[in-house]
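Every read-out reported here was derived from the displayed coordinates using simple, explicitly stated rules and does not represent laboratory data. Just so it is clear, the model here is predicted, and its values are computed rather than measured. Note: ideal-geometry Cβ built from the backbone for every residue, glycine included; neighbour counts use all protein chains shown.
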Amino acid sequence: MRCCLDIKQIPYLVQLLEDDSETVRLEVVKALKSYGPELAREIEKLSLDIGLEGRKVLSGILSAHKREWLRRVWGDWYKPGEETASLEAALALIAEFQTTGREASVLFVLLDRLAQEFRSLHGTSDDPLLLADFLFKTKRLDGAPEQDYYNPLHSNIVYAIEHKKGLPITLAAVYMLTGARLGMTITGCALPGHFLARSEYAGRTFYVDGFHSGRVLSAKAVLDFYTSSSGTANLQELLNTPADVKTIVRRILTNLAYAYEKHEDHENSRFMADLLRDVEKFSGGVPDYFPE
């Protein structure tokens, strides 16, 4: 059916989204849905004057197309034994899902650019502290503001790089994936309520908190903070155990499900919960921090 649709009709159909006749509106929605993912690409090219109600309906159609697309390709990101490649693939898919008109390859270009810029400043250095300084001081990546903390885009790694704001786990992922391009081993540390990056260099282990301007913490500093604030059990084990890609992706999807729910976007919240359950097929059950 899609091959017979004329993309030149899209502007006229969009204008009819606010027609006085409910019958006309329903037929228009049906026709626009028939374009599939191609609709978003065509809408992106057009400058259309659309009213509030029309924008709402069109947004719902485009979101449904995006969910259908991500559901179809989601299983491709996980590659057993390839932690870094799997993480990058998963985050690229999430970024493409959230950003109309931007393809997954944008992430690869942005990370390559960060790595090249670091090399131009620091040559062949493999010091993760220098990289932390570059990303969080020179490039000024930082934590999302409190008043906008639950914006779903703060789980979007492309958005974090371009707008220099993100959640702790998003910023840690930028650090980890840029470091991987530079031959550095930087892993994640999945502390309860706050995600850090972990690395070893010159005989010592340190933790980088991208959310707070890349501050560098010792294991003792992290332990002291958590012990005084909550007395979390098994904290030492978490500090010593790199978070694997499934743990990281589960946590990102959990954050997204909660953020969409906070914004009353129930469809996308449920969709992220469904993707989370797909990840759970790899191991374990739904984590206890998943919002009811």
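Loop only per DSSP, at most 11 neighbouring Cβ atoms within 10 Å: give me the trypsin sites (Lys or Arg not before Pro) in the range 60-150, ordered by residue number. Each step should come with its number before you reach the end.
Numbers: sites: 66, 67, 71, 72, 102, 113, 119, 137, 139, 140; in loops: 102, 139, 140.
When the trypsin sites (Lys or Arg not before Pro) of the range 60-150 are filtered for loop state and at most 11 Cβ neighbours within 10 Å, 140 remain.
Tell me, 170, 241, 187 in order of fewest to most beta-carbon neighbours within 10 Å?
Details: 170 28, 241 15, 187 20.
In order of increasing Cβ crowding within 10 Å: 241, 187, 170.
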Worksheet, complete the sentence: Here, GluC sites (Glu not before Pro) of the range 206-277 satisfying both criteria (DSSP loop; at most 11 other Cβ within 10 Å) are 264
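Just to confirm a number: summing +1 for Lys and Arg and -1 for Asp and Glu over residues other than residue 143 whose beta-carbon lies under 12 angstrom from that of residue 143, what do you get? Write down the numbers at each step before the final one.
Numbers: positive: 140, 164, 165, 215; negative: 142, 146, 148, 209.
After counting each charged neighbour, the total is 0.
If you look for lysine pairs in the range 79-280 that are eight or more places apart or on different chains, how many of them have Cα atoms under 18 Å apart? Present the calculation step by step, with values, prior to reporting the outcome.
On the way: 79/246; 137/164; 137/165; 139/164; 139/165.
The number of close lysine pairs in the range 79-280 is 5.
Would you mind ranking 10, 161 so that the residue whose beta carbon has the fewest other beta carbons within 10 Å leads the list? All intermediate terms of the calculation are to be shown ahead of the outcome.
Numbers: 10 20, 161 24.
Neighbour counts put them in this order, fewest first: 10, 161.
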Response to the item:
For 86, 218, ascending order of other Cβ atoms within 10 Å (fewest first) is 218, 86
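What is the gain in length, in nm to one decimal, between residue 121 and residue 22 on full extension, counting 0.36 nm per residue of separation less the C-alpha to C-alpha distance? Don't skip to the answer; put the middle values down first.
Working: separation 99, 0.36 × 99 = 35.64 nm, distance 6.10 nm.
Full-extension gain reported as 29.5 nm.
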Item to complete: Quick one: grab the alpha carbon gyration tensor of the range 133-231, order the square roots of its eigenvalues as a ≥ b ≥ c, and give me rounded if a/c is under 1.5, else prolate or oblate depending on whether a/b is larger than b/c.
Response: oblate
Worksheet, complete the sentence: Cross-link reach from residue 33 to lysines, straight Cα distance under 23 Å and at least 8 residues apart if same chain, gives 8, 45, 56, 66
